[in-house]
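**Student:** For reference, the structure I am asking about is given below.
Values in this text are rule-based calculations from the coordinates and carry no lab data. Just so you know, these numbers come straight off a predicted model, no measurement behind them. Positions of Cβ are generated from backbone atoms using ideal geometry, with glycine treated the same way; all protein chains shown enter the neighbour counts.
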């Protein structure tokens, strides 16, 4: 949607990033140039005065469900995936601090040598001090995705919106990379996502967002300045809420 929406309809944001978003054109691991670009996008939003939390996945290094397919116990495999998210969080923290953005990593699995443990009151204090918070290790529990962890942390932090940065510019009826005529949705309600089994997030995450009236914005993190464009209503994205349409959704935040 393109329009004259005033800036900053949301003051406290949780940004959900997949581990794959950090790979760039690589097939595995981290691409330093991509991490730096994402850090610059985050810095531009932070400079507007937004309080930013981030939850990051680990699929570029290890994905728990793939480990299970290789014969690793599911709980062990999921814990391995959580450790991968910590590695990504530290990489993003390093890139942000190189851009002079004060950043803290908090892990749901205690590892005090490399980062803070997750403590809700401490995280809120960091936000009030205008620090970016990166929540690592998901929820700290196996069998739960980082999408569900993102909705959980967004609710705990009292965020106004959860913004999910993906490889495509919104939610589609099917994978647009494989389906030529896939339909892009401008706006959806939670029940549509659940009933049509749209693969924007796992169903537990959507159900938790719906229960707590947490709006979602899905946008392309690969588009230059995609984060700030989606935030201010000038980019292409899909919004998910109980509003009738995207215009009503955005206007309701001003």
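**Student:** How much of the DSSP beta bridge set in the chain is antiparallel, as a percent to the nearest 5? If you can, show how the numbers build up before the last one.
**Tutor:** On the way: 6 of 34 bridges.
So the antiparallel bridges in the chain amount to around 20 percent.
**Student:** Report the full-extension gain for the segment residue 33 to residue 211: residue separation times 0.36 nm, less the Cα-Cα distance, to one decimal in nm.
**Tutor:** Numbers: separation 178, 0.36 × 178 = 64.08 nm, distance 3.81 nm.
Full-extension gain reported as 60.3 nm.
**Student:** Gain in length, residue 189 to residue 11, computed as 0.36 nm per residue apart minus the alpha-carbon separation, to one decimal in nm?
**Tutor:** Values: separation 178, 0.36 × 178 = 64.08 nm, distance 2.21 nm.
Once the chain is fully extended between residue 189 and residue 11, it gains 61.9 nm.
**Student:** Separate question: Using the 2.2 N^0.38 Å rule of thumb for compact globular proteins, work out how region 43-113 stacks up: its C-alpha Rg over that value, please. Each step should come with its number before you reach the end.
**Tutor:** Working: Rg = 14.8 Å, N = 71, 2.2 N^0.38 = 11.1 Å.
Region 43-113 yields a ratio of 1.33.
**Student:** Using packing as a proxy for protection, rank 221-229, 87-95 so that the peptide with the highest average count of other Cβ atoms within 10 Å comes first. Mind dumping the intermediate values first?
**Tutor:** On the way: 221-229: 18.9, 87-95: 21.4.
Ranking, from highest mean packing down: 87-95, 221-229.
**Student:** Then there is this: Can you tell me the length gained on complete extension of the stretch residue 245 to residue 129, counting 0.36 nm per residue apart and subtracting the Cα distance? Walk me through the numbers before you get to the answer.
**Tutor:** Working: separation 116, 0.36 × 116 = 41.76 nm, distance 3.47 nm.
The residue 245-residue 129 span can extend by a further 38.3 nm.
**Student:** Then there's this: Quick one: give the max-minus-min coordinate of the C-alpha atoms of region 112-254 along each principal axis, largest first, in Å.
**Tutor:** The Cα atoms of region 112-254 stretch 50, 36, 31 Å along their principal axes.
**Student:** Across bins of 5 angstrom width beginning at 0, how are the C-alpha pair distances of region 108-196 distributed, in whole percent?
**Tutor:** 3, 11, 17, 19, 17, 12, 11, 7, 4, 1
**Student:** Next up: Report Rg (one decimal) and Dmax (nearest whole number) for the chain, counting Cα atoms only, units Å.
**Tutor:** Spelled out, the Cα radius of gyration and Dmax of the chain are 17.1, 53 Å.
**Student:** Mind checking the alpha-carbon convex hull of region 1-120 and giving the volume per residue in Å³?
**Tutor:** Values: hull volume 16.9 nm³, N = 120.
Enclosed volume per residue, from the Cα hull, is 141 Å³.
**Student:** With r defined as the distance between the Cβ atoms of residue 222 and residue 197 and R0 fixed at 35 Å, what FRET efficiency is calculated, to the nearest 0.05?
**Tutor:** Numbers: r = 25 Å, r/R0 = 0.71.
The value I calculate is 0.90.
**Student:** Additional query: Would you mind ranking 151, 45, 168 by Cβ crowding within 10 Å, fewest neighbours first? Kindly include the intermediate steps, with their values, before the conclusion.
**Tutor:** Values: 151 30, 45 22, 168 19.
The most exposed by this proxy come first: 168, 45, 151.
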